[in-house]
1. How about segment 10-88: which chymotrypsin sites (Phe, Trp or Tyr not before Pro) there lie in a loop by DSSP and see at most 14 other Cβ atoms within 10 Å?
2. For segment 127-230, rounded, prolate or oblate, judged on the Cα gyration tensor with a ≥ b ≥ c (square roots of eigenvalues), a/c < 1.5 rounded, else prolate if a/b > b/c?
3. Would you mind classifying segment 74-187 by shape? Square roots of the alpha carbon gyration tensor eigenvalues, ordered a ≥ b ≥ c; an a/c under 1.5 is rounded, otherwise it is prolate if a/b is larger than b/c and oblate if not.
4. In percent, how large is the relative contact order of segment 1-134, given Cα pairs closer than 8 Å and 6 or more residues apart?
5. Mind running the shape call on segment 1-106? Use the C-alpha gyration tensor, a ≥ b ≥ c as the square roots of the eigenvalues: rounded below 1.5 for a/c, prolate if a/b tops b/c, oblate otherwise.
Amino acid sequence: DAGAPAGSACRGWLLSLSDADLDRFLRIERSKVPRAAEALLASAGWRRRHRVDSIGRWWPADPRPEAAFIRDYWPAVLLGTSYAGLPVLYHAVLRVDFKGLARVDATDGGALLTAAAWHNNFLIEAAVALDARSTGHGAVIFDMESASEHSVDYVGMCLFLKRTASLFNTHYPLYFQQVYFANAPPYFWDMWAVLRKLVPPYIGPRVRVKTSGEAQQADLLALLPANLLPRSLGGTNDVPIPKGGPIGLPPGEIAEMSDGNATAELPVARGTAPDPTPPSLPTPPSLPTPPSLP
């Protein structure tokens, strides 16, 4: 505890970690205890700086236009827990207009892509909070359905996935125990040849790829109950999922929406001290362009 970053939130997070959580940090550092301890302290400091422990409160109420837009747009949701107790995330990654998000950021000086990274951080924290059995792991379903192969921004998607994979591998190491690609299109394996180079190595052996039909439905229903599986994947869950799709924001729209909202106060739960203004959305370091698809 003497070496922990300042703040009760950091100490509280470190003390709240289950044996499974600690084991993940230890395994990612190849059982080298000093390095695992350094990684844990670094993550605790990151959580304190960015108020990750309270993201479940401030992110849904963040008044900034980038945050509001991404919350309504991003096609991802937490479904619930699997039969094995794993929190299950759903993500329709091919429905995201990465090129459109980058265009708006470039023309308006906005931070939509960074807000998207915050939103995914919010979802992973919601999943961790749902882990009642303290499994220390989760599962994710990537719904690969899209209008057509030509509508997918491969480069933008690869850059974003690499960015989020780096975040998860640092602060949520070895978290995803099961990774499903549902409704995989015929060109999926060409796409995977690139994606597998951008995600942590441990992901590869945990991937299950399904194309459609009864076999896919049976496999997903073996993961979680029908009332949690979206109807589009053969379940009975009608949970509202943002649709994503092409972004048609005119130039200047985000900047105009920002007027007067940058310092708006956040509502807080009764009996709690108000949080300061939500953390800034800094532009992340630029990433190299991934190799072109064949």
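What follows is calculated from the coordinates using simple rules that are stated; it is not laboratory data. Quantities reported herein were computed from a predicted structural model and do not represent experimental measurements. As a convention, Cβ positions derive from the backbone with ideal geometry for all residues, glycine included, and neighbour counts pool all protein chains shown.
1. Sites meeting the loop and neighbour criteria: 83.
2. oblate
3. Because a/c hits 1.5 or more and a/b fails to exceed b/c, segment 74-187 counts as oblate.
4. Relative CO of segment 1-134 lands at 22 percent.
5. Prolate.
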